[in-house]
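No value in this document is a laboratory result; all are computed from the given coordinates. These figures come from a predicted structure and were not determined experimentally. In this analysis, Cβ positions are derived from the backbone assuming ideal geometry, glycine residues included, and neighbour counts consider all displayed protein chains.
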Amino acid sequence: MQGAFKEEARRVFDPLVVILDRVRLRPTTVTLAGLALAVAAGGFIAAHRLRLGALCLILSALCDILDGQLARRQGSVSPTGAFLDSCMDRLAEGAVFVGLAVHLIPSGASWVALAVLGLVASTMVSYARARAEGLGLDGKVGVLERPERLVVLIAALLTGGAALRFLLVALTLLAFWTFWTRVRHVERQVRAGRRP
């Protein structure tokens, strides 16, 4: 299902990738633009401009789709590019959650703490997969990978208020569940005889 969605997204955005290639834009530039937009999103969220934050986050997510497609089109896919992309994704997510934490200060310390927990959970989902794959094991299981987290965050920002807090709770719980699912999945692989 996710593979079919990715193929459809590639087809939809391919004309834009062609334009970016024609103006000789490099994939790394698109990756860094995505990070800058995520930092802007965090700033707008901290300033209680949630819809502007959501718009910047949508544009940042678009950059995250386009950089890989552009690299494939230009024949410049490399381990360095993939590594940079993953690192920028973590920084981008961090910027958004810091913005959320600041935004939630008037709601009380418990909501600020929840935003911090959301960041920790999101980071651990990505780390668990990267660590499993670094050991030669499969770590891609669970319900809340980065695209799903982005959808939840954007929905939270667009709705605001109590819905934002509810979605933040849901995101945090599901991210921790996904992390735990990945830990158990790796453990089962090792018990079945797959050794790093």
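For a quick check, take a GNM of the chain with Cα springs below 10 Å and name the residue from ASP64, ASP89, ASP21 with the largest mean-square fluctuation. Taking springs between Cα atoms under 10 Å, the residue moving most is ASP21. Find out how many positive minus negative residues lie around GLY139, taking Lys and Arg as positive, Asp and Glu as negative, among other residues whose Cβ is under 9 Å from that of GLY139. Around GLY139, the charge tally is +2.
Note on VAL141 and PHE13: the model spin-label points, each 7 Å out from Cα along the C-beta direction, lie 2.9 nm apart.
What number does the stretch 1-78 give for Rg over Rh if you use C-alpha atoms and the Kirkwood radius?
On the way: Rg = 13.8 Å, Rh = 13.2 Å.
In the stretch 1-78, Rg relative to Rh is 1.04.
Derived scalar couplings between HN and Hα for the stretch 93-99 equal 4, x, 4, 5, 5, 5, x Hz in order, rounded to whole Hz, by the Karplus curve 6.51 cos²θ - 1.76 cosθ + 1.60 (θ = phi - 60°), x for Gly and Pro. Quick one: check the C-alpha center-to-center distance for the stretch 148-186 versus the stretch 82-124, whole angstrom. Each part's Cα centre sits 11 Å from the other's.
Which trypsin sites (Lys or Arg not before Pro) in the stretch 99-152 sit in a loop by DSSP (not H, G, I, E or B) and have at most 15 other Cβ atoms within 10 Å of their own Cβ? Don't jump to the answer; show the numbers that get you there.
Values: sites: ARG129, ARG131, LYS140, ARG149; in loops: LYS140.
Here the sparse-neighbourhood loop sites are LYS140.
Note that the stretch 36-48 has calculated 3J(HN,Hα) couplings of 4, 5, 5, 5, 4, 4, x, x, 5, 5, 4, 8, 6 Hz, one per residue in order, obtained from phi through the Karplus relation 6.51 cos²θ - 1.76 cosθ + 1.60 (θ = phi - 60°); glycine and proline are x. Which of ALA115, ALA95, ALA170 moves most in a GNM of the chain, Cα contacts under 10 Å? Per the Cα network of the chain with a 10 Å cutoff, ALA170 tops the list. Remark: the GLU133-GLU187 segment gains 18.1 nm on full extension, using 0.36 nm per residue and subtracting the alpha carbon distance.
Size descriptors for the stretch 104-196, from the alpha-carbon set: Rg then Dmax equal 15.3, 51 Å. The dipole here belongs to the stretch 42-196: it is taken about the Cα centre, uses +1 on the Cβ of Lys and Arg and -1 on the Cβ of Asp and Glu, and is about 380 debye.
Residues considered: LEU55, LEU137, LEU174. Largest GNM mean-square fluctuation over the chain, using C-alpha springs under 10 Å, is found at LEU137. Whole-percent P(r), the stretch 41-104, all Cα pairs, 5 Å bins from 0: 4, 19, 22, 19, 14, 10, 8, 4, 0. Each of (1) 43, 39, 31; (2) 51, 48, 27; (3) 117, 47, 30 is a candidate for Cα extents along the principal axes in Å; the one calculated from this structure is (2).
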